[in-house]
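Student: First, the structure itself, so that you have it in front of you.
The values are calculated or read from the model by the stated rules, or taken from the named source; none is laboratory data. The structure presented is a predicted model; accordingly, all values stated were derived computationally and were not measured. Cβ: placed from backbone, ideal geometry, glycine included. Neighbour counts: every protein chain shown. Just so you know, the surface numbers come from the protein's heavy atoms only, side chains and all, with ligands and any DNA or RNA stripped out. Shrake-Rupley method; radii C 1.70, N 1.55, O 1.52, S 1.80 Å.
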Amino acid sequence: LTQPVTPDLLVSPSSQDGDLGSECPEDRGNWTGRLDFLLSCIGYCVGLGNVWRFPYRAYTNGGGAFLVPYFIMLAICGIPIFFMELSLGQFSSLGPLAVWKISPLFKGVGMGTILIVSLVAIYYNMIIAYVLFYLFASLTSDLPWQHCGNWWNTDLCLDHHVIKAGNNALPVNISNTVSPSEEYWSRYVLHIQGSSGIGDPGRIRWNLCLCLLLSWTIVYLCILKGVKSSGKVVYFTATFPYLILVMLLIRGVTLEGAWKGIQFYLTPQFDHLLSSKVWIEAALQIFYSLGVGFGGLLTFASYNTFHQNIYRDTFIVTLGNAITSILAGFAIFSVLGYMSQELGVPVNQVAKAGPGLAFVVYPQAMTMLPLSPFWSFLFFFMLLTLGLDSQFAFMETIVTAVTDEFPYYLRPKKASFSAVICIALFLMGLILTTEGGMYWLVLLDDYSAGFGLMVVVITTCLVVTRVYGLKRFCRDIHMMLGFKPGPYFRSCWMVLSPATMMALLVYNIVKYQPSEYGNYRFPTWAEVLGILMGVLSCLMIPMGMVVAVLQEEGTLWEVGVQQASRPAMDWGPSLEENRTGVYVGSLAGSQSPKPLMVHMRKYGGVTSYENTAIEVDREMEEEEEEESM
């Protein structure tokens, strides 16, 4: 007797490979606690940039007046794209590659995302390695960057105690001098004098290499079991920085001269608002601070239950991130105000951004405080926890994206696969531990997530709203959350967000400036290499299109492009009980003209979400009738 054959169209995607497929959704895993997702998103978004980029951007772009374009750009660009990414991930329960079942023609967008995240993960963990180095160096009674006279110091080194003594007697000329903390950073930690430039990396700094190995080991142990382990670690890494930040803030504002720094940070200069540069800077800060386009938000949301209230979570995370940035500015500038008073120089002479703030200026300020090793340890421990949960997100994004593409081979071996990825990225990052490693880090920082990331986000926005369809996307959210996004979200998705990001992209190209580190200008070949990094992530999109069209049968336009741009047959919620309404048609054995009824009989009564599905079906029928008329 021959077994009855089920037609291909009636076989669910999860059952095409036999019994193994039925285990697929369970194997993927979910968050195990109620706050796992929310804290992971907060930890991912609140990173090093909140401490070392936002305060500097604020004071250079109008002080308190900068908050006006900052919050406007948050509303136009940040919140809508954030919510879109979470919705895509939660609705499909898929990573940044597999989620392009929504429109297989654009799968190259996912490939571009993975390339960008991989490059960022390489250098971001090197920054964590620097933080570990300073953390260990703080475990002493006398901070090593406190005084001159060490083997790495030069004749230009000038101790701040000497400056203070000079202020009381004769003025000290500090224009051609270097602080002990700056020489400790450049001549001891980096040993940059051993390299003549990016083409001459020099020897590996083994103490930095060991710190990098330690940071990758910590990251691996925390993502060993996927979101089940990292979801627990973030209870500490996402909350503890706030405790330290408050301690640093209280200590900072009680210092003499603190008000001078805060005044410098917040005094509004409203004439800056007439400059387009200020609005672009605000949009860039929002764009990178929230981490949109890196795939981390989409990955985290893909581990949610289908009806998780991501609408509420969007506002909690985005507004919490903005408030954290502002608080960090108070903590940083109060200490810089005290430092400027101690040195007898204006605040703008001590204020810096990026690594210069974290590894030179703030450590120097710590040496002026009583119990300086204690405050230094706290500061670097805060940076460590801020950096780690962002790195967890980058690694989870890469691992999830690839395992979702090959679930039957890689999901059972996820721990081993994660180890392979960590080892590979560690080996690629070894060049950053050399004497000229800082030049490579600057190159990666400037180009890996520049215009390539913007192209990825703009394309995602346009595909979801134009190719997949805004109505269909809003209908999916209605089915998932029980309500449709309002006019605010729809107008931002359709017009405001993509238009703003295109303006950002054009501005970045027009105002392009070659990379530099201090007085060092990068050679032409290094600039070309950096530009190629950005271009390669963009080229993934047309390459993905070519592959998708070639996989389709028929003529190029009529069948190839049109068919590849439509959602895949198995696009939709991953679990059968969530595939209500129009998505029931792809379930095994659903031959009824009213598939929703079959679904309801199988899974029991009519829930509020199934009521939503009935409404969605009714809307679709009305739309079809209107089109036929």
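Student: What pairs can you find where one residue is in region 47-63 and over 16 Å from Q349 (Cα atoms), the other is of a type in the set (F, W, Y) and in a loop (DSSP other than H, G, I, E, B), and their Cβ atoms are less than 7 Å apart, with a gap of 6+ or different chains?
Tutor: Filtered contacts from region 47-63: no entries.
Student: Something else: Would you confirm, using the coordinates I've provided, whether E256 is open to solvent by 40 Å² or more (accessible area, probe 1.4 Å) and not aromatic (F, W, Y)? If you could, list the steps in order and put the result at the bottom.
Tutor: On the way: open to solvent by 40 Å² or more (accessible area, probe 1.4 Å): yes; not aromatic (F, W, Y): yes.
Spelling it out, E256 is indeed open to solvent by 40 Å² or more (accessible area, probe 1.4 Å) and not aromatic (F, W, Y).
Student: Also, I was wondering about something else. Would you check which residues across region 513-527 are charged (D, E, K, R) and assigned to a helix (DSSP H, G or I) and list them? Quick ask: steps written out before the conclusion?
Tutor: Within region 513-527, the first condition is being charged (D, E, K, R), and the residues that meet it are 516, 521, 527.
Selection gives E527 alone.
Student: I would also like to ask the following. Using the structure shown, decide if L97 is under 20 Å from E396 (Cβ atoms) and out of contact with any strand residue (DSSP E or B) (no Cβ under 9 Å at 6 or more places or on another chain). Working first, answer last.
Tutor: Working: under 20 Å from E396 (Cβ atoms): yes; out of contact with any strand residue (DSSP E or B) (no Cβ under 9 Å at 6 or more places or on another chain): yes.
Against the criterion (under 20 Å from E396 (Cβ atoms) and out of contact with any strand residue (DSSP E or B) (no Cβ under 9 Å at 6 or more places or on another chain)), L97 qualifies.
Student: Out of everything in region 292-313 that is surrounded by fewer than 24 Cβ atoms within 10 Å (Cβ to Cβ) and of a type outside the set (A, V, I, L, M, F, W, C), what residue ends up being farthest from Y44 (Cα to Cα)?
Tutor: H307
Student: One residue is enough: does region 181-191 have a residue meeting the conditions open to solvent by less than 30 Å² (accessible area, probe 1.4 Å) and modelled with pLDDT under 90?
Tutor: No - not one qualifying residue is present in region 181-191.
Student: Any residue at all in region 586-609 that's at pLDDT 65 or above and assigned to a helix (DSSP H, G or I)? Give the derivation first.
Tutor: Kept after step one, since they are at pLDDT 65 or above, are these residues of region 586-609: none.
Among the residues of region 586-609, not one is at pLDDT 65 or above and assigned to a helix (DSSP H, G or I), which makes the answer no.
Student: A further question on this structure: Sort out which residues of region 400-431 are of a type in the set (G, A, S) and touching a residue at least 40 places away in the same chain (Cβ under 8 Å), and write them in order of number.
Tutor: We begin by selecting, within region 400-431, every residue of a type in the set (G, A, S); these are 401, 415-416, 418-419, 424, 429.
Selection gives A401, A415, S418, A419, G429.
Student: Of all residues in region 513-522 being surrounded by 15 or more Cβ atoms within 10 Å (Cβ to Cβ) and under 25 Å from the mean Cα position of the chain (by Cα), which is farthest from L88 (Cα to Cα)? Walk me through it before giving the result.
Tutor: Pass one, region 513-522, residues surrounded by 15 or more Cβ atoms within 10 Å (Cβ to Cβ): 515, 517, 520, 522.
From what's left, under 25 Å from the mean Cα position of the chain (by Cα): 515, 517.
On the way: S515: 35, Y517: 39 Å.
Residue satisfying both the conditions and the ranking: Y517.
Student: Can you pull out the residues in region 526-538 that are free of Cβ contacts under 8 Å to residues at least 60 places away in the same chain and either surrounded by fewer than 17 Cβ atoms within 10 Å (Cβ to Cβ) or touching a Cys at 6+ places or on another chain (Cβ under 7 Å) (or both)?
Tutor: Of the residues in region 526-538, the ones free of Cβ contacts under 8 Å to residues at least 60 places away in the same chain are 527-528, 532.
Selection gives V528, L532.
Student: Is at least one residue of region 442-459 in contact with a strand residue (DSSP E or B) (Cβ under 6 Å, 6 or more places away or on another chain) and farther than 21 Å from F91 by Cβ? It would help to see each step written out before you state the result.
Tutor: From region 442-459, those in contact with a strand residue (DSSP E or B) (Cβ under 6 Å, 6 or more places away or on another chain) are 442; that's our starting set.
Checking which are farther than 21 Å from F91 by Cβ leaves us with 442.
Looking for residues that are in contact with a strand residue (DSSP E or B) (Cβ under 6 Å, 6 or more places away or on another chain) and farther than 21 Å from F91 by Cβ, one finds at least one in region 442-459, hence yes.
Student: Also, I was wondering about something else. Determine, yes or no, whether L504 is touching a Leu at 6+ places or on another chain (Cβ under 8 Å) and assigned by the TED database to the domain that holds L453. If you could, list the steps in order and put the result at the bottom.
Tutor: Values: touching a Leu at 6+ places or on another chain (Cβ under 8 Å): yes; assigned by the TED database to the domain that holds L453: yes.
For L504, the condition - touching a Leu at 6+ places or on another chain (Cβ under 8 Å) and assigned by the TED database to the domain that holds L453 - is met.
Student: Could I ask something else about it? Name every residue in region 219-237 that is of a type outside the set (K, R) and surrounded by fewer than 17 Cβ atoms within 10 Å (Cβ to Cβ), in order of residue number.
Tutor: Taking region 219-237 as the starting set, the residues that turn out to be of a type outside the set (K, R) are 219-224, 226-227, 229-231, 233-237.
If the condition is that a residue be of a type outside the set (K, R) and surrounded by fewer than 17 Cβ atoms within 10 Å (Cβ to Cβ), then L221, L224, S229, Y235, F236 are the ones that fit.
Student: Tell me, please, whether a residue that is over 26 Å from V317 (Cβ atoms) and either part of a helix (DSSP H, G or I) or at pLDDT below 95 (or both) can be found in region 233-249. Don't jump to the end; show me each part of the working.
Tutor: Filtering region 233-249 for residues over 26 Å from V317 (Cβ atoms) gives none.
Checked against the condition, which is being over 26 Å from V317 (Cβ atoms) and either part of a helix (DSSP H, G or I) or at pLDDT below 95 (or both), region 233-249 yields no hits at all.
Student: Looking at S497 and the list (1) on the phi > 0 side of the Ramachandran plot; (2) at pLDDT 90 or above; (3) of a type in the set (G, A, S), which single condition is not satisfied?
Tutor: So S497 meets the others, but not (1).
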